[in-house]
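The values are calculated or read from the model by the stated rules, or taken from the named source; none is laboratory data. Quantities reported herein were computed from a predicted structural model and do not represent experimental measurements. Methodologically, a virtual Cβ is constructed for each residue, glycine included, from the backbone with ideal geometry; neighbour enumeration extends over all protein chains shown.
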Amino acid sequence: MIEPSIALYGDAFDKVETLLEELLKTTQSRYALLVDRKGFVLVHKEALWAPRPPSLDSIATLIAGSSSATNALAKILGESQFDALVQEGKEISLYVESASDLALLVILFDKKAPLGKVKLFAKKTAAEIADTLEREKHAPRPELKLDQGFSSGATALLDDLFG
């Protein structure tokens, strides 16, 4: 089973969510997502005024595939990777910025958000997210401990269910 490259919990999740929210407000973009390089949505935010969101899972999967193809092209051209990707449409555009070796920052925006402003603030946000992901990658995981009351209750519930 394919699983995300990294999972964000607690303070790390809250930090990234806050960064995405600030990015949306500053740039007047519609949606901001943090996507891992396998195509999983790790965190997403949408502007209050944005229309119903498209399928974010589909976008994440396609962005990850596009990023992989773009990096293969970079290698052919002698670059280690391309850090950013822009797709411009008539109504909606998207900007993708590398946020670490694990994740991509994706911003969907319309004509209200100038591309230069999106790029400038996306780079800053991606660097802050990369720092957060790096700390999270090396943070010790708390051990899950279940007390005796939980174990007894669960055992009793299972006994009642299965006799």
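Residues of region 25-60 being in contact (Cβ under 8 Å) with a residue 40 or more places away in the chain, touching a Phe, Trp or Tyr at 6+ places or on another chain (Cβ under 8 Å) and part of a helix (DSSP H, G or I), which ones?
Thr26, Thr27, Ala60
Just need a number here: residues in region 112-132 that are under 14 Å from Glu88 (Cβ atoms), surrounded by 20 or more Cβ atoms within 10 Å (Cβ to Cβ) and in contact with a Phe, Trp or Tyr (Cβ under 7 Å, 6 or more places away or on another chain).
Of the residues in that region, 1 qualify.
Restricting attention to region 87-122, which residues are more than 19 Å from Val41 (Cα to Cα) and of a type in the set (A, V, I, L, M, F, W, C)?
Within region 87-122, Ile92, Ala113, Leu115, Val118, Leu120, Phe121 qualify.
So Ala7 clears everything in (1) under 13 Å from the mean Cα position of the chain (by Cα); (2) within 20 Å of Ala122 (Cα to Cα); (3) not aromatic (Phe, Trp, Tyr) except one condition, right? Which one?
All conditions are met except number (2).
Which one is surrounded by the most Cβ atoms within 10 Å (Cβ to Cβ) among residues in region 70-99 that are of a type in the set (Gly, Ala, Ser) and either within 15 Å of Asp36 (Cα to Cα) or touching a strand residue (DSSP E or B) at 6+ places or on another chain (Cβ under 8 Å) (or both)?
Ala99
Mind listing whichever residues of region 1-54 are acidic (Asp, Glu), touching a helix residue (DSSP H, G or I) at 6+ places or on another chain (Cβ under 8 Å) and more than 18 Å from Glu134 (Cβ to Cβ)?
Hits for region 1-54 are Glu22, Glu46.
Give Leu158, Leu102, Leu108 a once-over and let me know the one that is closer than 16 Å to Leu34 by Cβ and either at pLDDT below 90 or of a type in the set (Lys, Arg) (or both).
Result of the check over Leu158, Leu102, Leu108: Leu102.
What number of residues within region 7-24 are hydrophobic (A, V, I, L, M, F, W, C), assigned to a loop (DSSP other than H, G, I, E, B) and surrounded by fewer than 19 Cβ atoms within 10 Å (Cβ to Cβ)?
The total comes to 1.
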